Structure formats: structure tokens, C-alpha cells
Amino acid sequence: MANEEKFLLVDERVVPDIFKKVLEAKKYIATGKAKNSSEAVKLANISRSAFYKYKDHVMEYTSRASSNIITLYLVMEDMPGVLSSVINHLAEYGANILTINQNIPSDGVAAVTVSIRMTDVTLEEEQLIERLHSLRGVVRISKVS
């Protein structure tokens, strides 16, 4: 058990600045503001060696990212625009779509699962499901437990 990994959750206000700058450099790469790590470390004003030393060990944690996620199971008619309509309505209500998985249509319908983050949704969960169910082409919708 001596080699078991341990993780710490530490308040950002007390961590060394280098950790914050490594996260900043990683974000530059992820968002495309830097094409590679060399550009990212210049933008973050840190050395390459510090970046490589910590990049795989420093990660941002937000309780927001791990909470309020629900998965919806929809059965929709196989016709153009139905999934697009669902996605547009989810965005309109403030849902952050995390995953979409659509099966190949069979017997005129397609099964779709959509995972969303509800943090910024302007409706209650049940209201959202009712509104999506009322859309043209949505046959059935339920929340996956």
C-alpha cells in the first residue's frame, strides 16, 4: 500500500503560483490559443521544465463540473431536424451538452441518449423533460437513473 496514489484537494489561494501557471498553460493548449507547449509556457511565463514536471499532476477541480449531470433517453421519429430541435432547445434553456449518442434508426424511430449539465438550466428538471417531450418528432423521453 506504500505505492498507493493519494490526491489532495487544496484551496487555490494557498497553492504555489507555478501550479496556477501550469493550469494556465494547459488551458492555452486546450483552447488553441497556443499551438504547442513551447508557445503555452511563453504565454504563461513559466519554464518548459516546470511545465513538464507538473503538467500531468496538476488538474483543476470544480464541484460544478461533477454535479448536476443528468442523462436523458429519447426515442425520436426518424425525420430530419428532430435531434437538431432537441439540441437547440437544450441550449436555449441553458443546458451544457456533454455527450450525445444516437443509434441507427429502426422501424421509423431512433434512440438517443444525451448527457447534460443542469447547472445553468433555467427550468426545473421535470419542466425541461416536458418541454422536450412536446417537440415535434419526440416520441418518448425519460431520465436515465
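The values are calculated or read from the model by the stated rules, or taken from the named source; none is laboratory data. Computed from a prediction, not measured in an experiment: that's the story for all the values here. All Cβ positions, even for glycine, are placed from backbone atoms using ideal geometry, and neighbour counts span all protein chains on display. The area values use the complete protein model at the heavy-atom level, side chains included, leaving out ligands, DNA and RNA. Shrake-Rupley method; radii C 1.70, N 1.55, O 1.52, S 1.80 Å.
Some points to look at:
- Across region 43-58, the residues whose backbone nitrogen lies under 12 Å from the label position 7 Å along the beta-carbon direction of Lys27 are 44.
- Over region 73-145, Cα pairs under 8 Å with separation of 6+ residues give a relative contact order of 43 percent.
- Residue of Ile18, Ile87, Ile100 that the Gaussian network model of the chain assigns the largest fluctuation, springs spanning Cα pairs under 10 Å: Ile18
- Remark: the Glu39-Ser142 segment gains 32.5 nm on full extension, using 0.36 nm per residue and subtracting the alpha carbon distance.
- 20 Å Cα-Cα reach of Lys143 towards lysines, excluding residues that sit fewer than 8 places from it in its own chain: none
- Each semi-axis of the equivalent ellipsoid for region 64-138 is √(5λ) with λ an eigenvalue of the Cα gyration tensor; in descending order they amount to 22, 13, 9 Å.
- Segment Glu92-Lys6, length gained on full extension (0.36 nm per residue, minus Cα span): 26.9 nm
- Straight-line cross-link partners of Lys55 among the lysines, defined as a Cα under 19 Å from its Cα and at least 8 positions apart when in the same chain: Lys6, Lys20, Lys21, Lys26, Lys27, Lys33, Lys35, Lys42.
- In the complete set of protein chains, residue-level accessible area for Lys143 is approximately 100 Å², probe 1.4 angstrom.
- Along each principal axis, Cα extent of the chain, largest first, Å: 57, 36, 33
- Between Leu43, Leu128, Leu98, the Gaussian network model of the chain with springs among Cα atoms under 10 angstrom shows the greatest mean-square fluctuation at Leu43.
- Of the residues Arg131, Arg136, the one with the largest accessible area comes first in the ranking Arg136, Arg131, computed with a 1.4 Å probe on protein heavy atoms.
- Look at the alpha carbon pairs under 8 Å that are at least 6 residues apart: their mean separation over the length of the chain gives a relative contact order of 22 percent.
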